[in-house]
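*Asks:* Could you have a look at this structure, given as structure tokens, before my questions?
Readers should treat all values here as calculations from the given coordinates under stated rules, not as data from a laboratory. These numbers were taken from a predicted model, which means no experiment stands behind them. Positions of Cβ are backbone-derived with ideal geometry, glycine not excepted, and every protein chain shown enters the neighbour counts.
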Amino acid sequence: MPITTDDRLAIHELLSLHGHLSDAGDFARMDEIFLDDIAYDLTEFGAGTVNGRDALRDMALGMADRQPLAHHVTNIVVTPVDADTVTTVSKGLAVNLDGTIASVTYADTLHRTPAGWRITHRKVIPRRKPLTP
């Protein structure tokens with residue numbers, strides 16, 4: 001069974017909500033985005049994989065002023081795996097305290113739960129240099 005247009009809209013809104021909650025420091029609501037056992041892969045930043053929503057919250061709080069001022073999620077592409085699983089790829093833009101901007105790609109796996117779609121795995125891939133033909 002393919003996912004519906006309503007599923008796609010819910011997934012887009014879920015991914016967009018991540019930036020709003022992160023910027024507000026509203027980590028108590030991250031259960032609206034991530035499963036409790038989220039695997040948040042920051043290997044390409046030298047931080048390994050953060051396992052669990054509580055550990056992810058603790059890491060974010062520990063970053064304090066090193067957190068970006070603003071998180072933006074855009075260019076969301078949803079690929080169904082089955083009726084209850086999708087993968088997504090999206091772009092993340094971060095505005096940092098010093099005015100610099102960083103770009104990443106989020107590669108996510110989401111599962112349908114009784115509470116709605118939730119991210120179970122996220123790999124964050126930094127964009128460090130432009131393509132060179």
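*Asks:* With the dipole of the chain worked out from charges on the C-beta (+1 for Lys and Arg, -1 for Asp and Glu) around the Cα centre, which of His20, Gly92, Leu110 lies farthest toward the positive end?
*Replies:* Of the listed residues, the answer is Gly92.
*Asks:* Roughly how compact is the range 1-73, stated as its Cα Rg over 2.2 N^0.38 Å to two decimals?
*Replies:* This ratio for the range 1-73 stands at 1.21.
*Asks:* Treat every Asp and Glu Cβ in the chain as -1 and every Lys and Arg Cβ as +1, leave all other atoms uncharged, and give the resulting dipole magnitude about the Cα centre to the nearest 20 debye.
*Replies:* On the way: 13 positive and 18 negative charges, 107 e Å.
Dipole about the Cα centre, nearest 20: 520 debye.
*Asks:* How charged is the neighbourhood of Ile76? Take every other residue with its Cβ under 11 Å from the Cβ of Ile76, and add Lys/Arg as +1 and Asp/Glu as -1.
*Replies:* 0
*Asks:* Under a plain spin-label model, where a point goes 7 Å from the Cα along Cα-to-Cβ, how far apart in nm are Asp54 and Ala107?
*Replies:* Distance between the two pseudo-spin positions: 3.0 nm.
*Asks:* When the helix-only estimate is applied to the chain (DSSP H runs of n ≥ 4, each -39,500 (n - 2.57), divided by the residue count), what is the mean residue ellipticity at 222 nm, nearest 500 deg cm²/dmol?
*Replies:* So the helix-based figure for the chain works out to -7500 deg cm²/dmol.
*Asks:* Testing the spin-label approximation: label points 7 Å from Cα along Cα→Cβ at Leu61 and Ala24. State their distance in nm.
*Replies:* 1.8
*Asks:* Return the tail of the calculated pair distribution for the range 64-122, meaning the percent of Cα-Cα pairs more than 19 Å apart. Walk me through the numbers before you get to the answer.
*Replies:* Values: 722 of 1711 pairs.
Tail fraction, whole percent: 42.
*Asks:* Which three numbers, in whole Å and largest first, are the semi-axes of the equivalent ellipsoid of the chain derived from its Cα gyration tensor as √(5λ)?
*Replies:* 24, 18, 14
*Asks:* Below 14 angstrom from the Cβ of Thr88, what's the summed charge of the other residues (Lys, Arg +1; Asp, Glu -1)?
*Replies:* Here the charged neighbours net out to +3.
*Asks:* A follow-up question, please. Give, as a single signed number, the net charge of other residues whose beta carbon lies under 12 Å from the beta carbon of Asp98, with Lys and Arg counted +1 and Asp and Glu -1.
*Replies:* 0
*Asks:* What's the angle, to the nearest 10 degrees (0 to 90), between helix 53-63's Cα axis and the longest principal axis of the chain?
*Replies:* That helix lies at roughly 20 degrees to the long axis.
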